[in-house]
Ligand SMILES: [Zn+2]
């Protein structure tokens, strides 16, 4: 029976080809079937059998194409055949029972601790120990800032995340990783046969055609922290190796950051915004934001919260001093500077403000100053005003200034 199903699938896949010439390409129909099984698009014989309608196959191929950021034709066309042999991560694109409501897909609940350990048990001779450790630590630091995570390198097999090069990658697989868990959870295996290069740092392998180790490590560590593959082509969690691009290689995409927020920053009880008691609302960077306590919501339209929100004040404004626990008002200056108002440090009255020193319990010298300094702020702040179509509630007393 299994042989019959495989034969029928082969037949259907052949029928679905745009033209016969595509069959001569290096990926055959049977190999594409293996691809779809390996990366989670088909996960059982019963589901494979259900594909025996062209409609089902069309839908599955469109999903493969979506995750590869190529036109969703529903056919096994040349672009899809090429995609199926492109260098990529070895983990499935589709994880069953994942929360499909989110654009970024979460594989797990993340680690239940914020201080994690890692160890590097061996390394590619093309890179050397120092280069591997430096790149892993750098990638961990980039992820860690969005989840308040700290990483310490340790020796031995008890580390949460163990980096190894034991992996005899078949075909185009560069590396794979395990989602957060005890034991092998969090570990990363790199293909030892790959031509690794330290392109991000411009050191190491002189051969600029190599595969950038840092880019792949950043992706795999996303899995180690609980993130799944994303179809967003600009995201670090995109399944395929995108080549080395110095301008983007050191940063996460918004899609990756939202995934981290979802995993690590909303664990504390979040206040309900439906009771209407906000600290403030503001129209910033083209979006409508609600501030309440330590949390910020972004609304798509009234009553609909953007995915990934709420976030905490310090997730959004990383330089905000720790003592600030709520924002009374916020606005964006014409020059792009965001001004946040709190009731902790500054006092204002009409068009003047004073800075209050909480340790000496006295007003600082050099004040009051004129509110002219913040062009565009209404001089009477205990008021509701309108800003770019959004209602701004100015209740507080002031004043912290900083760029997002
Ligand atoms: Zn991956």
- Return only the number of the condition from (1) modelled with pLDDT under 95; (2) within 16 Å of the ligand (Cβ to nearest atom); (3) more than 11 Å from residue 177 (Cβ to Cβ) that residue 226 does not satisfy. (3)
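Conditions tested, residue by residue: (1) within 16 Å of the ligand (Cβ to nearest atom); (2) outside the structural domain of residue 31 (by TED's automatic domain parsing); (3) surrounded by 21 or more Cβ atoms within 10 Å (Cβ to Cβ); (4) within 24 Å of residue 252 (Cα to Cα).
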position: 143; (1), (2), (3), (4): yes, yes, yes, yes
position: 149; (1), (2), (3), (4): no, yes, no, yes
position: 152; (1), (2), (3), (4): no, yes, no, yes
position: 158; (1), (2), (3), (4): no, yes, no, no
position: 175; (1), (2), (3), (4): yes, yes, yes, yes
position: 180; (1), (2), (3), (4): yes, yes, yes, yes
position: 187; (1), (2), (3), (4): yes, yes, yes, yes
position: 190; (1), (2), (3), (4): yes, yes, yes, yes
- Filtered residue count, the range 230-250, keeping only those that are within 14 Å of the ligand (Cβ to nearest atom) and touching a strand residue (DSSP E or B) at 6+ places or on another chain (Cβ under 7 Å): 4
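One line per residue, one yes/no per condition, for (1) within 19 Å of residue 184 (Cβ to Cβ); (2) at pLDDT below 95; (3) in contact with a helix residue (DSSP H, G or I) (Cβ under 6 Å, 6 or more places away or on another chain); (4) assigned to a strand (DSSP E or B):
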residue	(1), (2), (3), (4)
79	no, no, no, no
85	no, yes, no, no
96	no, yes, no, no
101	no, yes, no, no
118	yes, no, no, yes
170	no, yes, no, no
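The values are calculated or read from the model by the stated rules, or taken from the named source; none is laboratory data. This one's a predicted model, so the numbers in the text were calculated from it and none came from an experiment. With ideal geometry, Cβ positions are generated from the backbone for all residues, glycine too; neighbour counts draw on all protein chains shown.
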